[in-house]
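Participant: The following block contains the structure, expressed as structure tokens.
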Amino acid sequence: MSRLRVGIIGTGYIGNVHARIYARDERVEISALYDIIHEKAEKTARSVGGRVCRSREELFENCDAVLVCTPNKTHVEIAIDALRHEKHVFCEKPFAIGLESARLLLEEAQKSKCKFQVGHNRRFAPVYVKLRELLRSDQPHSAHIKMNRGELKNPAWTGDPNITGGFLYETTIHLFDMIRYQFGEISELVAYGSQHEYPELDEFSMIFKFKNGFHCTFASSSDASWLFPFERIEVFCHHRTILTQEMESLIDSKEMDANFEFLSFSMLEKEERWGYVQEDKAFVDSILEGLTPPVTALDGYKSVEIVESVYRAIKSGEKISF
Ligand SMILES: NC(=O)c1ccc[n+]([C@@H]2O[C@H](COP(=O)([O-])OP(=O)(O)OC[C@H]3O[C@@H](n4cnc5c(N)ncnc54)[C@H](O)[C@@H]3O)[C@@H](O)[C@H]2O)c1
């Protein structure tokens, strides 16, 4: 059986993560690589193979599926171009910057016969898969969430809102997608934000209410140091707290006694602990088996909608209803 030919656009940090994973998948051939810095694509090709292309057009001629692994502001244009060349698309987060371009990409993805998956890897991280499983058998009431970064200096473009779209697009969007995945659709939110270290809003406090009555507080800071855990979800149920700490561990504390269960995922390789291996497998499964990808263009659109609603709430000082 011939292998699925995968092309990678943008062979920086995350492009290489996916490249290493697909190099181990027998169903896949990394057939083409393109980066505006040619040497970066050449370097990746030396470790995983693949034709080093001089243009996107050349890449499209040499693959069936495309991974869009370039900086945020380029995603929509590249992903639409790939869909128009009838390629399956895996697009890194964020899906888009701004509702207008998100709508354009959503329409393009929905009318295409090709598969489209968004890189919200955390949905596949074992800690969050476990959290979802536990919440399915209980009734969560509320949660306290944080998603921080130590800095916006590395890579340098992460501190440039003209490229990222803003801190919420670069980082917090991961857990915006996660709260929909774990708790359902949002009905309203209020938010406060301020600016300190970077030329954009870089500190956020938010409260979300969901259509099913669930509610949560959510803090997100871009200059908080890398104190562990920079990412944490604490969910409160009936006489129960479930706590996740980054992709490392989950604590389940039930009833009135002092005992709790502690699950550690730290023995897993990072690429699996963070869900990259599983999301890459799911993308190929969806193509080869004709399945709907687990993180759709509509999920991507909704994550952008949350980001935009938070920025709007801060600007207007008003509660936003969905
Ligand atoms: N899902 C995750 O956990 C995760 C982690 C890191 C990054 N990301 C996302 O992946 C994307 C890339 O991030 P990164 O950390 O790998 O950045 P990076 O700077 O390491 O790599 C980006 C690469 O894209 C290349 N590039 C830029 N514009 C291009 C263009 N128009 N055409 C072709 N190549 C181009 C650059 O030369 C660079 O090699 C970002 O959108 C980021 O938000 C997601």
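The values are calculated or read from the model by the stated rules, or taken from the named source; none is laboratory data. The model shown is predicted, which means the values in this text are computed figures rather than measured ones. Cβ coordinates were reconstructed from backbone atoms using ideal geometry, including for glycine residues, and neighbour counts include every protein chain displayed. Quick note on the areas: whole protein, heavy atoms, side chains included, nothing else; ligands and nucleic acids left out. Shrake-Rupley method; radii C 1.70, N 1.55, O 1.52, S 1.80 Å.
Participant: Quick one: if you stick a label point 7 Å off each Cα along the C-beta vector at Asn154 and Ile37, how many nm between them?
Facilitator: Rounded to a tenth, the inter-label distance reads 1.5 nm.
Participant: Using the structure shown, list the pairs from Lys270/Lys315; Lys209/Lys315; Lys130/Lys209 with a Cα-Cα distance above 27 Å, or answer none.
Facilitator: Beyond 27 Å: Lys270/Lys315.
Participant: If you plug each phi of the range 203-218 into the Karplus form 6.51 cos²θ - 1.76 cosθ + 1.60 with θ = phi - 60°, what whole-Hz ³J(HN,Hα) values come out, in order, with x for Gly and Pro?
Facilitator: 9, 9, 10, 9, 10, 10, 10, 10, 4, 8, x, 4, 8, 8, 9, 8
Participant: Related question: Counting only protein heavy atoms, what percent of the accessible surface of the range 218-260 is carbon or sulfur at a 1.4 Å probe?
Facilitator: 58
Participant: When the helix-only estimate is applied to the chain (DSSP H runs of n ≥ 4, each -39,500 (n - 2.57), divided by the residue count), what is the mean residue ellipticity at 222 nm, nearest 500 deg cm²/dmol?
Facilitator: Computed ellipticity for the chain at 222 nm equals -10500 deg cm²/dmol.
Participant: What Rg and what Dmax come out for the range 4-121 when only alpha-carbon atoms are used, in angstroms?
Facilitator: Cα-based Rg and Dmax for the range 4-121 come out at 13.2, 39 Å.
Participant: Also, quick follow-up: Taking a point 7 angstrom from the Cα of Ala23 along the C-beta vector, which residues in the range 40-60 have backbone N less than 14 Å away?
Facilitator: What the label zone holds, given the 14 Å backbone N cut-off, is 41-51.
Participant: Given points 7 Å out from each Cα along the Cα-Cβ axis, report the Asn62 to Leu298 separation in nanometres with one decimal.
Facilitator: Roughly 3.7 nm, to one decimal.
Participant: Please give the length that would be gained between Ser55 and Ile207 if that part of the chain were fully extended, namely 0.36 nm times their separation in residues minus their C-alpha to C-alpha distance (nm, one decimal).
Facilitator: The Ser55-Ile207 span can extend by a further 50.3 nm.
Participant: While we're looking at this one, here's another question. Have a look at the DSSP beta bridges in the range 1-109 and tell me what percent are antiparallel, nearest 5.
Facilitator: In the range 1-109, approximately 0 percent of DSSP beta bridges are antiparallel ones.
Participant: So for the chain, taking the charge dipole from beta-carbon charges (+1 Lys/Arg, -1 Asp/Glu), which of Thr241, Ile37, Ser316 sits furthest toward the positive end?
Facilitator: Ile37
Participant: Let me ask something else. Taking the alpha-carbon set of the range 256-322, what are its Rg and Dmax in Å?
Facilitator: So, for the range 256-322, Rg and Dmax equal 19.0, 49 Å respectively.
Participant: What is the extension gain from Leu288 to Asn259, computed as 0.36 nm multiplied by their sequence separation minus the C-alpha to C-alpha distance, in nm to one decimal?
Facilitator: On the way: separation 29, 0.36 × 29 = 10.44 nm, distance 4.54 nm.
Stretched out fully, the Leu288 to Asn259 stretch lengthens by 5.9 nm.
Participant: Just to confirm, what accessible area per residue do you get for the chain at 1.4 Å probe, in whole Å²?
Facilitator: Working: 14580 Å² over 322 residues.
That works out to 45 Å² for each residue.
Participant: Past the 26 Å Cα-Cα mark, which pairs from Lys146/Lys254; Lys43/Lys93; Lys40/Lys111; Lys40/Lys87?
Facilitator: Flagged as over cut-off: Lys40/Lys111.
Participant: Then there is this: Of the heavy-atom accessible surface of the range 4-121 (probe 1.4 angstrom), what whole percent is carbon and sulfur?
Facilitator: 48
Participant: For the range 263-322, give the percent of accessible area contributed by carbon and sulfur heavy atoms, probe 1.4 Å, rounded to a whole number.
Facilitator: On the way: 1520 of 2880 Å².
The nonpolar share, carbon plus sulfur, comes to 53 percent.
Participant: Using only alpha carbon positions, build the gyration tensor of the chain, then give the equivalent ellipsoid semi-axes as the square roots of 5 times its eigenvalues, largest first, whole angstrom.
Facilitator: Here the semi-axes work out to 33, 23, 19 Å.
Participant: Considering only Ala65, Ala143, Ala96, give the residue with the highest GNM mean-square fluctuation for the chain, with springs between Cα atoms whenever their separation is below 10 Å.
Facilitator: Ala143
Participant: Report the antiparallel proportion of the DSSP beta bridges in the chain as a percent, rounded to a multiple of 5.
Facilitator: So the antiparallel bridges in the chain amount to around 60 percent.
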